Amino acid sequence: MLIPLFPLNVVLLPGTRLPLHIFEERYKEMIGEVLRDQSAFGMVLAIDRGVVNLGCTARIAQVLEEAPDGQIDILTTGESRFEILSLNQERSFLQAEVEFFTDAKSEVSPDLREQAIAAFRQAFPATDDEWPFPVDFLHPQLSFQLAQAIPELQFKQQLLATRSELVRLRMLADFFPGHVQRQAAVEQIKKVAHTNGHGRHYPPTKS
C-alpha cells in the first residue's frame, strides 16, 4: 500500500494524539489531499540520514485552525503501525509502500499493568487532569498510553517496533524508575552549572 509520509522529529504512538502545524507547501498539498480523501498519512521519525523504516499512520481527528495562506493546525490520532518496504519520490512529498503489522497475542497480567502504572505515576507525579495529554489506563495497549510522556525518541521508537504488549509493559516498568534518577541528575547538573560548585550563584559576566 502506498501512503504519504510526514518525517518529523517525533514518534507517534497508536491510540495517542498529536497536534501538528502544517506550513510547508509540500505538506499543505499532502494534508489537503488527506482531508479531501478522508485518508491517513504516515508519521516517521526523521534522522540525519533520512527516515527510520517503521512508523505509525495518523488520522486527522480535528482541524483546529486554517489560515488564508493555506497553513493549517490539525489534531491527529495514531492508528496503525507499518514497516516501509520502499520509498517513492515521484511527488513533492515523500511516499512509501508499506506493510502493516499488529501485536502477537500475549496474556498480560493485571499485576504487570498495575506495576507499569505505578512506575509511570512515580516518574510523572501529576494528577490525571494536569498531564498535557489524555491517558486511558484501561486501553488494551496501555504501554503506548504511558509512553506518551517519555522524551527519549529512540526508546519510544523501540516500543513502537515491539510486537508484544507484555514486553512493552515490562520495558516501561524497568524504564520509568531510571527516568526519575536521570532527570534528577540532569537537574543537579543544571543547578551546579550556574554556581561555583559550592551552591553560591554569581551574576552573568557582561561583555
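The numbers here are math on the coordinates, done by the rules we state, and not lab data. On a predicted model such as this, the values are computed, not experimentally measured, just so you know. All Cβ positions, glycine included, derive from the backbone under ideal geometry; neighbour counts span all protein chains shown.
Summary of computed values
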{"quantity": "Where ASP111 falls short, out of the listed (1) free of Cβ contacts under 8 Å to residues at least 12 places away in the same chain; (2) surrounded by 12 or more Cβ atoms within 10 Å (Cβ to Cβ)", "calculated": "(2)"}
{"quantity": "Selection count where residues are farther than 13 Å from ILE22 by Cα and either surrounded by fewer than 20 Cβ atoms within 10 Å (Cβ to Cβ) or not hydroxyl-bearing (Ser, Thr, Tyr) (or both), scope segment 56-67", "calculated": "5"}
{"quantity": "Subset of segment 95-118 (residues that are under 19 Å from the mean Cα position of the chain (by Cα) and either of a type outside the set (Val, Ile, Thr) or over 30 Å from GLY50 (Cβ atoms) (or both))", "calculated": "PHE100, PHE101, ASP103, ALA116, ILE117"}
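Table: residues versus (1) aliphatic (A, V, I, L, M); (2) touching a helix residue (DSSP H, G or I) at 6+ places or on another chain (Cβ under 9 Å).
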site: ILE3; (1), (2): yes, no
site: LEU8; (1), (2): yes, no
site: PRO19; (1), (2): no, no
site: GLU25; (1), (2): no, no
site: CYS56; (1), (2): no, yes
site: ALA61; (1), (2): yes, no
site: THR76; (1), (2): no, no
site: ILE84; (1), (2): yes, no
